[in-house]
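As structure tokens, the structure follows; a few thoughts come after it.
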């Protein structure tokens, strides 16, 4: 699905976000990305969803070198990649149906999109997507009247309507409480598995990553530090990945002490036993 070779990203202020990053992801894979704040994970996801171009290196998407695509070609490829953000990017004053149907915007003309604001198109499709995320009764609710967890489910329903081949979830649960975090990650994993979609997720929570994904990529200083199955990601490797980052180190300390903030729904980390 993706092949990245020697990816480098330098911003206008001279800061280097990614340096010599190489990675391969196959169709249908589920991969969690972990690493300290500022590691370059969000920049990497912006490159993966083709909203940001790398400064150097090669990005191949399904056999196509993205650098050789025209603007129209880029737009077509982007419709096959759905992104869920930490901030849901919903329009609060609109009803849920309109926000869910925004998943069609990559395919609809401007005239069709504007007409749908007056008389929503594909209401049945929006309803099916909301049923998949467990809240079909909210179809006509105002979006700003929903809880944070419900709004995140609306954002997931929007991606389901888009029906992409790849789902990128960039810290989708960092703003919700632990029990909701488990339910949202489980929902995304199960929906992606059922539809055989590729799922890539940035996660601040190490225990969620290790408990729910078969492949873990550790990123630090814009580089891939490891790419392993969860049973091979032990305390020493994690301590090296997060060294010098106080908040993340405290998270690892709690896990070493057997304090799993996600409760019994998430298995303990390998080797994190006194």
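Some notes on this structure:
- Pairing residues of region 223-235 that are in contact (Cβ under 8 Å) with a residue 24 or more places away in the chain with residues that are surrounded by 13 or more Cβ atoms within 10 Å (Cβ to Cβ) and in a helix (DSSP H, G or I), at Cβ distances under 8 Å and at least 6 apart in sequence or on separate chains, gives 225/241; 230/209; 230/210; 230/211; 233/210; 235/252; 235/256.
- Lone qualifier among 207, 122, 144 - being touching a residue at least 12 places away in the same chain (Cβ under 8 Å), under 24 Å from residue 44 (Cβ atoms) and more than 16 Å from the chain's Cα centre (by Cα): 207
- If the condition is being under 20 Å from residue 160 (Cβ atoms), assigned to a loop (DSSP other than H, G, I, E, B) and out of contact with any strand residue (DSSP E or B) (no Cβ under 6 Å at 6 or more places or on another chain), then region 179-233 contributes only 196.
- When the residues of region 151-166 are filtered to those that are surrounded by 19 or more Cβ atoms within 10 Å (Cβ to Cβ) and more than 22 Å from residue 113 (Cβ to Cβ), the one that is modelled with the highest pLDDT is 166.
- Looking only at region 1-27, residues that are part of a loop (DSSP other than H, G, I, E, B) and loosely packed, with under 15 Cβ neighbours inside 10 Å come to 7 in all.
- Members of region 63-83 that are loosely packed, with under 13 Cβ neighbours inside 10 Å and part of a loop (DSSP other than H, G, I, E, B): 63, 70
- So residue 176, is it buried (at least 16 other Cβ atoms within 10 Å of the Cβ), without any contact (Cβ under 8 Å) to a residue 40 or more places away in the chain and assigned to a loop (DSSP other than H, G, I, E, B): yes
- The lone exception for residue 90 - which of (1) part of a loop (DSSP other than H, G, I, E, B); (2) within 27 Å of residue 192 (Cα to Cα); (3) in contact with a strand residue (DSSP E or B) (Cβ under 8 Å, 6 or more places away or on another chain) it fails: (3)
- Of note, residue 58 satisfies the criterion of being in contact with a helix residue (DSSP H, G or I) (Cβ under 9 Å, 6 or more places away or on another chain), in a strand (DSSP E or B) and loosely packed, with under 15 Cβ neighbours inside 10 Å.
- Candidate set: region 29-54, residues that are surrounded by fewer than 22 Cβ atoms within 10 Å (Cβ to Cβ), under 28 Å from residue 194 (Cα atoms) and touching a helix residue (DSSP H, G or I) at 6+ places or on another chain (Cβ under 8 Å); chosen: the one modelled with the lowest pLDDT: 51
- Only one of 113, 102 that is more than 24 Å from the chain's Cα centre (by Cα), assigned to a helix (DSSP H, G or I) and either modelled with pLDDT under 85 or surrounded by 19 or more Cβ atoms within 10 Å (Cβ to Cβ) (or both): 113
The values are calculated or read from the model by the stated rules, or taken from the named source; none is laboratory data. What you see is a predicted model, and the numbers here were worked out from it, not measured in a lab. Reconstructed Cβ throughout: ideal geometry from the backbone, glycine too, with neighbour counts over all protein chains shown.
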